[in-house]
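Written below as structure tokens is the structure these notes are about.
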Amino acid sequence: MEPIYLFDIAAKKANWLAVRQNAVAQNVANANTPRYGAVDVEPFDAIVRKTTLSVAATSPNHITTTPAETMTAKQRKGESWSVVHSGNSVSLEQEMLKAGDISRNYSLMTNLVKSFHRMMMTAVKS
């Protein structure tokens, strides 16, 4: 089993957010292009599920769970893109919602990295 590197996961999430922001920017830039189909990237949680990360029980006192005990939830299907007469499927409202979501997630990741850094610096100074 490999250790989990929190800074590495945060960096991968930040990279994924940059790729998603690029896709949203392309959609907005081509909002009036005939026959342009809106694009989006695969959700980050789906990418994480494909990796083999697991929680390590380094002490016999740690609580462990089996896969049957973990909660699972089905993803809801997103609203379908409306296609206009020109064949364009970009909805500016949905793209702006995505851009806001990207901004919030990037701020969260930045704050988490700052917190990890402060925690490590406190541990080193002690």
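What follows is calculated from the coordinates using simple rules that are stated; it is not laboratory data. A quick note: this is a predicted structure, and the numbers were derived from the prediction, not measured. Neighbour counts are summed over all protein chains in view; Cβ atoms, including those assigned to glycine, are modelled from backbone coordinates with ideal geometry.
With a cut-off of 15 Å on the backbone N, the residues of the range 1-43 near the modelled label site 7 Å out from MET119 along Cα-Cβ are 4-11. When each of the peptides 112-123, 95-106 is scored by how many other beta carbons lie within 10 Å of its residues on average, the order from highest to lowest is 95-106, 112-123.
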